[in-house]
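Here is the structure we will look at, set down as structure tokens.
The values are calculated or read from the model by the stated rules, or taken from the named source; none is laboratory data. The model shown is predicted, which means the values in this text are computed figures rather than measured ones. Every residue, glycine among them, receives a Cβ derived from its backbone with ideal geometry; neighbour counts consider all protein chains shown. What goes into the accessible areas is simple: the full protein's heavy atoms, side chains included, and nothing from ligands, DNA or RNA. Shrake-Rupley method; radii C 1.70, N 1.55, O 1.52, S 1.80 Å.
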Amino acid sequence: MAQYRSKYTGRYSGIGTMLSRPWLQAPCVAKAAEIQALAQAAAPVGDPTEDAHPGLYKASFVTVPIFKDVPFRGRPRQRASARVMNRAPHAWRVEHGDGRVPRYAPLQKAVDALKAAHRG
């Protein structure tokens, strides 16, 4: 008796429709929340005697679900995604550093830790 071998032929339109559905945003937001938790754990907190707003950077992390334009075959397509950001006014200085503030990079360290945990 001959073995039956199943065959799958994907349709790009169907896969693209699936990737743009709101229900796919839940896993994206869940991973972004993991990144946010790791970044908050690594975020520096200023000394209250010297810093006017200690803990402002640590408390300013947010996770936002978004739909992102991703080019496919020359045209932008909407894809479900999530973004982790810090809304503190000095977030760029804490992440990248400058002459007065050392580079802490809590967001970069959080992404690197999650990639290392999943061998990515």
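Which residues, taken from the range 103-116, are in a helix (DSSP H, G or I) and in contact with a helix residue (DSSP H, G or I) (Cβ under 9 Å, 6 or more places away or on another chain)? Those that are in a helix (DSSP H, G or I) and in contact with a helix residue (DSSP H, G or I) (Cβ under 9 Å, 6 or more places away or on another chain): P106, L107, Q108, K109, A110, V111, A113, L114. The C-beta contact set for the range 71-83 (first residue closer than 12 Å to S20 by Cα, second residue basic (K, R), distance under 9 angstrom, 6+ apart or interchain) comprises Q78/K68; R79/K68; A80/R21; A80/K68; S81/K68. Looking only at residues of the range 76-120 that are of a type in the set (D, E) and surrounded by fewer than 17 Cβ atoms within 10 Å (Cβ to Cβ), we find that the one that is farthest from the chain's Cα centre (by Cα) is D98.
Could you list, in sequence order, all residues of the range 39-65 that are outside any loop (DSSP other than H, G, I, E, B) and open to solvent by 70 Å² or more (accessible area, probe 1.4 Å)?
Residues satisfying the conditions are A41, K58, A59, P65.
Taken as a whole, the range 95-102 holds no residue that is touching a residue at least 40 places away in the same chain (Cβ under 8 Å) and in contact with a helix residue (DSSP H, G or I) (Cβ under 7 Å, 6 or more places away or on another chain).
Inspect the range 79-98 for any residue being more than 21 Å from L114 (Cβ to Cβ), modelled with pLDDT of 85 or more and among the polar types (S, T, N, Q) and give the result as yes or no. No, there is no match, as no residue in the range 79-98 is more than 21 Å from L114 (Cβ to Cβ), modelled with pLDDT of 85 or more and among the polar types (S, T, N, Q). If I filter the range 20-36 down to residues being assigned to a helix (DSSP H, G or I), open to solvent by 60 Å² or more (accessible area, probe 1.4 Å) and touching a residue at least 24 places away in the same chain (Cβ under 8 Å), which single residue comes out as nearest to A88 (Cα to Cα)? The extreme case among them is E34.
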